[in-house]
Amino acid sequence: MTDSGGGPGSHPSAGPGSGRSTFAGRLQALFDERLKKDTEKKFTPEEVSAATGLSVSYLNYLLSGERDNPTMKNIQRLADFWGVSPSYFFDSAEPADHASAPEADPDLAQITVLARNLPPGMPRATLRAIVEQVAALEARRNPPPRRGGRPGST
């Protein structure tokens, strides 16, 4: 088996005629063709398990096709991790690349998965406050360019 060299932003071959039209085949395409940014190596089921909260054995069942009807919650967890729409696992016309979607960034996808696993209430409110504070600090550090006029004028 050869590696296509794909990473986030690549198009796993999950279309018709590719042998990847099943849920297992589409999931395997993501494991085979999406590489970690820092090492350019494939993700392991253990790493996906740690990020999604799904057990390694359950992921292996999904990959082998032994289990082929995951819950929508588990599909969403996998979609969030891989940065694809949940329909990727079913819609043959949809590529795995959503470069314009925030989920295309694996870091954001992992943060999303972790945030969704937080209980409602105070933990989520605290996370929101932290993210808003970081965004405000970034906005002050990198203000948008002014349009026309003299410096200091509005």
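What follows draws every value from the coordinates through simple rules; no lab data is involved. Since the model is a prediction, treat every value here as computed from it, not as a measurement.
Data table
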{"item": "Hz values of 3J(HN,Hα) by residue in region 125-137 - Karplus curve (6.51, -1.76, 1.60), Gly and Pro given as x", "result": "5, 5, 4, 4, 4, 5, 4, 5, 5, 4, 4, 5, 5"}
{"item": "Calculated diffusion of region 23-141, Stokes-Einstein form, Kirkwood radius summed over Cα pairs, 37 °C and 0.692 mPa s, µm²/s", "result": "212"}
